[in-house]
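Visitor: What follows is a single structure, and I will ask about it in a moment.
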Amino acid sequence: MQQFDPYDALVPVFISIELPQRFMQIGTAVFFHINEEPFLITAAHVIDQSLVGTLLVPCREEFSPIDGYLVSIDLPPEASRAKDNIDIACYRLSKRFSTKLSLNFAPLPQNRSELFLPVHELTVCSAAGYPASKSKKNGATHSSEIYAFRGLTAKESTYKELGLSVEENIVIHFHKKRAVHPESGQAFPTPGLKGISGGGIFAWPRGAELSDDWSLPKLVGIVHTFREKEGLIIGSTLLPVITAVTFAFMKGFGGER
């Protein structure tokens, strides 16, 4: 298998708002290849913020607006994003922008993902992204840090209790107060999970649940919700976005490239 650090494919997403003037990190996205095409996958509620400002990601030594064709699953007019259990969308990036983004990040190859991995085959998953609290500014320089939050995946009964689909959702048990450092096993104060929305969910193979070898796990979903009181990280599998992308391929992405 090709050696690849999936951290290289995680991209922090920022928003620039004119009134009142603000610039801040709001989420994470996964730089991913689907059928040889470059995509930036994230949570739909992150992309929703483009209604109030401009979404930007780090390219070269500057922040650039995302340039691509938006692919998403629309909600009914009467539905709110807060009740969206899928909450996933992506951009099919233009070649020019993809090349520019590749100077800082590396797209995750499709063979490092699992599109149809049944819930009962999942044991331990890591939700990885950029916590907003770790985004810092020093003069004109912005920095952030990647964190991965690992936990046991939920049983099918938990999905039923939450009204979630075992085909379209992934649920991970993660309690901040019980978090330990993977190397020392000692209690570890984790940052808030705000900002990892749109980050990747990576499944560890059986027998390697406690491994620190990031060449082993595969991308299986996208994070969109953290229920802190219940100790649950919730995301969507890749199935919904692949379905939406398939229709977009059939339509030729509106002819844009």
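Visitor: For the stretch 203-222, name all the residues that are part of a loop (DSSP other than H, G, I, E, B) and not aliphatic (A, V, I, L, M).
Guide: The answer is PRO205, ARG206, GLY207, GLU209, SER211, ASP212, ASP213, TRP214, SER215, PRO217.
Visitor: Looking at ARG96, ARG81, which is the one that is closer than 18 Å to GLY199 by Cβ and touching a residue at least 12 places away in the same chain (Cβ under 8 Å)?
Guide: Unique residue meeting the criteria: ARG81.
Visitor: So which pairs qualify, if the first residue must be in the stretch 223-234 and closer than 18 Å to GLU156 by Cα and part of a strand (DSSP E or B), the second must be modelled with pLDDT of 95 or more and not aliphatic (A, V, I, L, M), the Cβ gap must be under 6 Å, and the two must be at least 6 apart or on different chains?
Guide: Pairs that qualify, where the first residue is closer than 18 Å to GLU156 by Cα and part of a strand (DSSP E or B) and the partner is modelled with pLDDT of 95 or more and not aliphatic (A, V, I, L, M), are ILE233/PHE174; ILE233/PHE226; ILE234/THR225.
Visitor: Sticking with this one: Which is of a type in the set (Val, Ile, Thr) and closer than 30 Å to GLU62 by Cα, of THR225, THR158?
Guide: Every option except THR225 fails the conditions.
Matching residues to (1) within 21 Å of ARG81 (Cα to Cα); (2) surrounded by 22 or more Cβ atoms within 10 Å (Cβ to Cβ); (3) out of contact with any helix residue (DSSP H, G or I) (no Cβ under 6 Å at 6 or more places or on another chain):
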| position | (1), (2), (3) |
| --- | --- |
| ASP5 | no, no, yes |
| VAL11 | no, yes, yes |
| GLU18 | no, no, yes |
| ASN35 | no, no, yes |
| PRO38 | no, no, no |
| ALA43 | yes, yes, yes |
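Visitor: I've got another one for you. When PRO76 is evaluated against the numbered criteria (1) surrounded by 12 or more Cβ atoms within 10 Å (Cβ to Cβ); (2) out of contact with any helix residue (DSSP H, G or I) (no Cβ under 8 Å at 6 or more places or on another chain); (3) part of a loop (DSSP other than H, G, I, E, B), which criterion, by number, is the only one it fails?
Guide: (1)
Visitor: Of everything in the stretch 8-23, what is of a type in the set (A, V, I, L, M, F, W, C), assigned to a strand (DSSP E or B) and farther than 18 Å from TRP214 by Cβ? Give them in sequence order.
Guide: Hits for the stretch 8-23 are VAL13, PHE14, ILE15, ILE17, PHE23.
Visitor: Something else: Would you mind listing the strands (runs of 3 or more DSSP E) fully within the stretch 82-198 where at least 1 residues are under 25 Å from ALA208 (Cα atoms)?
Guide: Fully inside the stretch 82-198 and qualifying: 124-129, 147-152, 169-173.
Visitor: Test GLN49 against the stated conditions and say whether it is surrounded by fewer than 21 Cβ atoms within 10 Å (Cβ to Cβ), within 29 Å of LEU164 (Cα to Cα) and either among the charged types (D, E, K, R) or free of Cβ contacts under 8 Å to residues at least 40 places away in the same chain (or both).
Guide: yes
Visitor: Quick one: which of SER94, SER72, SER80 is within 25 Å of LYS218 (Cα to Cα) and not charged (D, E, K, R)?
Guide: Result: SER72 is the single residue among SER94, SER72, SER80 that is within 25 Å of LYS218 (Cα to Cα) and not charged (D, E, K, R).
Visitor: Please tell me if ALA132 is farther than 21 Å from VAL220 by Cβ, in contact with a Gly (Cβ under 8 Å, 6 or more places away or on another chain), surrounded by 14 or more Cβ atoms within 10 Å (Cβ to Cβ) and in contact (Cβ under 8 Å) with a residue 40 or more places away in the chain.
Guide: Yes: the conditions hold for ALA132.
The values are calculated or read from the model by the stated rules, or taken from the named source; none is laboratory data. As the structure is a prediction and not an experimental result, all values here were calculated from the model. FYI the Cβ positions are ideal-geometry reconstructions off the backbone, even for glycines, and counts take in every protein chain you see.
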